[in-house]
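Chemist: The following block contains the structure, expressed as structure tokens.
All of the numbers you see were taken from the coordinates with simple rules; none came from a lab. Not measured: the values here are computed from a predicted model. Neighbour counts run over all protein chains shown; Cβ positions are idealised from the backbone, glycine included.
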């Protein structure tokens, strides 16, 4: 089920340095629209969408069921400040977050934990892109 992205979300996805075969972590994926669009653009890569909301992840899974690219996108219920790679999980080339409270500056202790978790999840040279005015942040 291809969902049309909002113009704002489409601009954000367009701005990401996506390429064939990379691994992408979307933080705060909500119903998964951006994650599915990123998956379409990276071919044989993989997108993991995470969100603290159980209902958002359920919705993301329902919207992704049966899509031809469903093997390249997966979803997990977890807050970024608690995120850990599974033992055998490969690190990510890039991560992005759109309107995620952990990165809005209101809770510095949560933001510090979140940035630490992202840094541990990224490959050497991996980058985190945060939309709040779509600023770049090196974890």
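Chemist: Most fluctuating residue of 105, 45, 61 in a GNM of the chain with Cα springs under 10 Å: which is it?
Modeler: In this elastic network of the chain, the residue with the biggest mean-square fluctuation among 105, 45, 61 is 105.
Chemist: Also: With runs of 4+ DSSP H residues as the only contributors, calculate the mean residue ellipticity of the chain at 222 nm using -39,500 (n - 2.57) per run, divided by the residue total and rounded to the nearest 500. Could you put the intermediate results ahead of the total?
Modeler: Values: 4 runs with 43 residues, N = 139.
Taking each H run of at least 4 residues, the total per residue is -9500 deg cm²/dmol.
Chemist: Same structure, new question: For 119, 127, 4, what's the fewest-to-most ordering of other Cβ within 10 Å of each Cβ?
Modeler: Fewest-to-most Cβ neighbours within 10 Å comes out as 4, 119, 127.
Chemist: I need to check one value: relative contact order of the chain, counting alpha carbon pairs closer than 8 Å and at least 6 residues apart, in percent.
Modeler: For the chain, the relative contact order is 22 percent.
Chemist: Just to confirm the number: angle between the C-alpha axis of helix 54-64 and the first principal axis of the chain, 0 to 90 degrees, nearest 10?
Modeler: Tilt relative to the chain: about 30 degrees.
Chemist: Arranged from highest to lowest average of other beta-carbon atoms within 10 Å per residue, in what order do the peptides 49-55, 31-37 appear?
Modeler: 31-37, 49-55
Chemist: Treat each spin label as a single point 7 Å out from the Cα along the C-beta direction, and report the residue 62 to residue 120 distance in nm.
Modeler: Going from the residue 62 label point to the residue 120 one covers 3.3 nm.
Chemist: Would any residue of region 8-44 have its amide N under 19 Å from a label point 7 Å out along Cα→Cβ of residue 110? List them or say none.
Modeler: 26-31, by backbone N distance to the label point.
Chemist: So how many Å³ per residue does the convex hull of the Cα atoms of the chain work out to?
Modeler: Details: hull volume 14.4 nm³, N = 139.
Convex hull volume per residue, Cα atoms: 103 Å³.
Chemist: Taking only Cα atoms, what is the 0 to 90° angle, nearest 10, from helix 108-121's long axis to the longest principal axis of the chain?
Modeler: 50 degrees
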